[in-house]
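Down below is the structure, laid out as structure tokens.
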Amino acid sequence: MRLYLLALNPTDSVTEGFLPAAARLGLDVTVLTDQPQAHRRTYPDIEVLACDVRDFRAVITRLATHHTPDAVFTNSDHLQTQAALAADYFGLPAKPWQAALRTKDKAHMRRHLAATGADRVWSTELAAGQDPAVLTGLDVPFPCVVKPREGVASEDVVLADGTEDLLLRCKEIQDRRPEAALVVEEYLAGELYTLETLGDGRVRHVLGGFHTELSAPPYFIEERLTFVPAHPEPVVEQILAQLDALGVGFGACHTEFVTHEGRARIIEVNYRAIGDQCDLLLAQLLDIPLFEHILRTHLGEPLPADLGARTDGAARLECPCADTAGTLTSAPAATDLVVDGVNLTYRPLREVGERHGLYHTNRDYLGVVRATGTDQETVDRVVADFLAAQRWELTP
């Protein structure tokens, strides 16, 4: 069976998760990407074809002139709508392209949630190149959040505490990304969590989620995630109802939300598996073939009524971040340890000698520590001890 996987840059999710899972399922894989050389260097034994994957018409043409597809899949935030349209064109199982579009486009998401009565958040859209001064004529609630309409990974997401600050933030983002439309919305107070789900269009499994700790305002860098085996039932019901309103129910979905005074409200929906190696951690923690299950849904296979997931797990993922621009001159190597029953993995995300700016996003990550065990206090202690013993040096 032929699986087409759409991708932009290589990611750990694909390299360490989906491609090995496809091999275990006996699938023939073709990667379609606009960065073919990077993928060929990363996995030289996989067929890689150049394609303008951001254009669904180019994707459909590439598939139609190559092997007959049995599944079209992507784990990229940016390519969900294209993959859904291409799969639907060939009559293959797929996410509804409308749901893929409205979850990727944060303005559409807010409008749709409001229109369906699922949730109403004050929000407005600033078109690419539009003068932010138009916002002064609106009753903007402060503090508010400014972010790219179709952004990811906390990229250019910032808190503004007044009109002058808001205009400055918008202009800064527009200078960096003149082609990007922006969304300005009310700040939703509360603790930040995630909900991880997997469905086949008939049954939907809740895999738990994470409690996310963020950097200090005005930025929103995800610095630490602690596994939550089960959120309170009323919280889960509220989030699932909002996902239903958006039409989300097929395949993997990573939803970020806040809870405040018993109310759960979506921050954003990433209609794919959770990234930054949390998906690798989740598969290990739950002891299930997570990546195989996700691919099977796109092959049209039903999910089992019971995934057989472990329920006694504890986990933490933490990412040391650069606090200045510069060249990384010293850093720990990749490490795998077992300490007091805790399995700890550290993977560097930057090579020694690389020079980077300071981005105030997930691009500031220097590495990622993921740890699993059965006792949260022990997991937390092992991670804290490991990080305290390491050293990252940046030279301006």
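Identify the residue in the stretch 243-253 that is in contact with a helix residue (DSSP H, G or I) (Cβ under 8 Å, 6 or more places away or on another chain) and buried (at least 22 other Cβ atoms within 10 Å of the Cβ) and, among all such residues, is farthest from residue 83 (Cα to Cα). Break it down stepwise before answering.
Initial filter on the stretch 243-253 (in contact with a helix residue (DSSP H, G or I) (Cβ under 8 Å, 6 or more places away or on another chain)): 245-253.
Filter again for buried (at least 22 other Cβ atoms within 10 Å of the Cβ), leaving 246, 248, 250-253.
Working: 246: 18, 248: 15, 250: 13, 251: 12, 252: 14, 253: 15 Å.
Filtering first and then ranking leaves 246.
Take the conditions (1) assigned to a helix (DSSP H, G or I); (2) open to solvent by 20 Å² or more (accessible area, probe 1.4 Å); residue 282 misses just one of them, which is (2).
Checking the structure you have, find out if any residue of the stretch 347-358 is of a type in the set (Gly, Ala, Ser) and either crowded, with 20+ Cβ neighbours inside 10 Å or in contact with an Asp or Glu (Cβ under 8 Å, 6 or more places away or on another chain) (or both). Checked against the condition, which is being of a type in the set (Gly, Ala, Ser) and either crowded, with 20+ Cβ neighbours inside 10 Å or in contact with an Asp or Glu (Cβ under 8 Å, 6 or more places away or on another chain) (or both), the stretch 347-358 yields no hits at all.
Can we say residue 352 is of a type in the set (A, V, I, L, M), assigned to a strand (DSSP E or B), at negative phi and more than 19 Å from the chain's Cα centre (by Cα)?
Working: of a type in the set (A, V, I, L, M): yes; assigned to a strand (DSSP E or B): no; at negative phi: yes; more than 19 Å from the chain's Cα centre (by Cα): yes.
It is false that residue 352 is of a type in the set (A, V, I, L, M), assigned to a strand (DSSP E or B), at negative phi and more than 19 Å from the chain's Cα centre (by Cα).
Every condition in (1) open to solvent by 10 Å² or more (accessible area, probe 1.4 Å); (2) touching a helix residue (DSSP H, G or I) at 6+ places or on another chain (Cβ under 9 Å); (3) of a type outside the set (Ser, Thr, Tyr) holds for residue 114 except the one numbered (2). Contact map, the stretch 188-203: first residue over 14 Å from residue 300 (Cβ atoms), second residue of a type in the set (Lys, Arg), Cβ cut-off under 6 Å, separation 6 or more or different chains; pairs are 188/265; 197/204. Screening residue 175 with (1) farther than 29 Å from residue 282 by Cβ; (2) touching a residue at least 24 places away in the same chain (Cβ under 8 Å); (3) open to solvent by 20 Å² or more (accessible area, probe 1.4 Å) gives one miss only, at (2).
When the stretch 355-396 is filtered for residues that are modelled with pLDDT under 95, polar (S, T, N, Q) and either assigned to a loop (DSSP other than H, G, I, E, B) or within 15 Å of residue 225 (Cβ to Cβ) (or both), the ones remaining, listed by number, are 361, 362.
Which of the residues belonging to the stretch 195-210 are surrounded by fewer than 16 Cβ atoms within 10 Å (Cβ to Cβ) and part of a strand (DSSP E or B)?
From the stretch 195-210, those surrounded by fewer than 16 Cβ atoms within 10 Å (Cβ to Cβ) are 202-203, 206; that's our starting set.
The one that is surrounded by fewer than 16 Cβ atoms within 10 Å (Cβ to Cβ) and part of a strand (DSSP E or B): 206.
Of all the residues in the stretch 314-345, those that are crowded, with 19+ Cβ neighbours inside 10 Å and either touching an Asp or Glu at 6+ places or on another chain (Cβ under 8 Å) or charged (D, E, K, R) (or both) number 9. Of the residues 86, 58, the single one that is in a helix (DSSP H, G or I), more than 24 Å from the chain's Cα centre (by Cα) and surrounded by 16 or more Cβ atoms within 10 Å (Cβ to Cβ) is 58.
Listed residues 308, 300; which is free of Cβ contacts under 8 Å to residues at least 40 places away in the same chain, part of a loop (DSSP other than H, G, I, E, B) and either farther than 29 Å from residue 216 by Cβ or hydrophobic (A, V, I, L, M, F, W, C) (or both)? If you could, list the steps in order and put the result at the bottom.
Values: 300 fails: free of Cβ contacts under 8 Å to residues at least 40 places away in the same chain.
On inspection, the qualifying residue turns out to be 308.
May I ask you to say which residue of 232, 218 is without any contact (Cβ under 8 Å) to a residue 12 or more places away in the chain, farther than 27 Å from residue 98 by Cβ and not hydroxyl-bearing (Ser, Thr, Tyr)? Can you show your working first?
Values: 218 fails: without any contact (Cβ under 8 Å) to a residue 12 or more places away in the chain.
After applying the criteria, what remains is 232.
For the stretch 69-82, the condition holds for no residue, the condition being that it is within 21 Å of residue 267 (Cβ to Cβ), out of contact with any helix residue (DSSP H, G or I) (no Cβ under 9 Å at 6 or more places or on another chain) and surrounded by 23 or more Cβ atoms within 10 Å (Cβ to Cβ). Just one residue in the set 230, 153 is of a type in the set (Gly, Ala, Ser), surrounded by fewer than 16 Cβ atoms within 10 Å (Cβ to Cβ) and closer than 28 Å to residue 13 by Cα; that residue is 230. Under the condition of being touching a Lys or Arg at 6+ places or on another chain (Cβ under 9 Å), of a type in the set (Val, Ile, Thr) and farther than 19 Å from residue 227 by Cβ, the residues counted in the stretch 254-293 number 1. Scanning the stretch 255-279 for residues being touching a Cys at 6+ places or on another chain (Cβ under 8 Å), of a type outside the set (A, V, I, L, M, F, W, C) and assigned to a strand (DSSP E or B) gives a total of 1.
The values are calculated or read from the model by the stated rules, or taken from the named source; none is laboratory data. Computed from a predicted structure; not experimentally measured. Reconstructed Cβ throughout: ideal geometry from the backbone, glycine too, with neighbour counts over all protein chains shown. Note: areas computed on protein heavy atoms with side chains; ligands, DNA, RNA excluded. Shrake-Rupley method; radii C 1.70, N 1.55, O 1.52, S 1.80 Å.
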